[in-house]
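The structure appears right after this line, and notes come after that.
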Amino acid sequence: MVQQRLPIVNSDDGVWGDILRQYIMKEHYNDDTDNPINGSHKTVTVQPGTATAGTAPLKFSSGTLLSTPEAGAVEFNTDSLYFTITTGTVRKKVAMYNDAAGATGDLYYRDSSGNFARLGVGANGKTLRVSSGIPTWSDTDPSTFATSTKTSNYTVTGTDTVVFANAASGNVTITLPAASSLAGYRFYVKRIDGSANTCNIARSSTDTIDGQTSVSLDLQYTSLTVVSDGSNWYII
């Protein structure tokens, strides 16, 4: 019968060796030869801890990272936990986040320090956008268009969608942004005045608009819709 216990003083005379052997071999490797790997752990079962300090099932002390990563190594340095994979023997940082203030629906993204940062769940109707490389919630509904009216020369930005051009007080030129920075973006420009002044849609730098440098909207209520392919603007 396998004894899964330590020997008892004055109770296990003559069988101490057998009981110790069975006890140690439960979670330690042994092939009964003079082998350097004998004594290493195998099939380790970690018992649960309690609420009392010092009883955590596993507790790491902060130390110095290995000069050369070793496959399978787990390391703890300051506030970061690492695990080294076999492929390429690359040390990977284990992503962690503070869940103390978390709520259902929260999102987590990588911050500049390589840790998880929490983005609280957005309110109903808000959409997820990126601002300065950081995800953020926006009040802009993707099913609606942002509109603005321009009565003088204006350069379209990435936050525009519909631009109403009013040349009643003088000539107006609406300049498109660089197509290279807004691949896939679409803009609408509509002339709303009936004056004799000019209303032009112009390119940025060396971009073209259907191969042209500019397009004129000569009549009231005419409009132009353009989309970028990452190099130039095309009328659709």
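Values in this text are rule-based calculations from the coordinates and carry no lab data. Remember, predicted model here, so these are calculated numbers, not experimental data. Positions of Cβ are generated from backbone atoms using ideal geometry, with glycine treated the same way; all protein chains shown enter the neighbour counts.
Details
- In region 6-70, the chymotrypsin sites (Phe, Trp or Tyr not before Pro) that fall in loop regions by DSSP, at most 13 other Cβ within 10 Å: Tyr29, Phe60
- Degrees separating the helix 16-25 axis from the principal Cα axis of the chain, which is the longest one: 10
- Sites matching trypsin sites (Lys or Arg not before Pro) across region 33-127 that sit in DSSP coil, with at most 14 neighbouring C-beta atoms within 10 Å: Lys42, Lys59, Lys126
- Think of the chain as having a plus end and a minus end, set by charges on the Cβ of Lys, Arg, Asp and Glu; of Tyr109, Ala51, Gln4, Tyr109 sits farthest toward the positive end of this dipole.
- Each helix, a run of at least 4 DSSP H residues, gives -39500 (n - 2.57); summed and divided by the residues of the chain, these come to -1000 deg cm²/dmol at 222 nm.
- Charge dipole of region 73-161 about the Cα centre (unit charges at C-beta), most positive-ward option of Ala123, Trp137, Phe83: Phe83
- Total lysine pairs whose alpha carbons fall under 30 Å of each other in the chain (8 or more apart, or interchain): 10
- Sites matching chymotrypsin sites (Phe, Trp or Tyr not before Pro) across region 165-236 that sit in DSSP coil, with at most 15 neighbouring C-beta atoms within 10 Å: Tyr221
- Under the Debye formula (equal points on every Cα, no solvent term), log10 I(q)/I(0) of the chain at q = 0.17 Å⁻¹: -1.23
- Evaluated over the Cα positions of region 147-235, the convex hull gives a direction-averaged projected area, one quarter of its surface, of 4.8 nm².
- Relative to the Cα centre, the charge distribution of the chain, modelled as +1 at Lys and Arg Cβ and -1 at Asp and Glu Cβ, gives a dipole magnitude of about 680 debye.
- Using a cutoff of 8 angstrom between alpha carbon atoms and counting only pairs six or more residues apart, the relative contact order for the chain works out to 8 percent.
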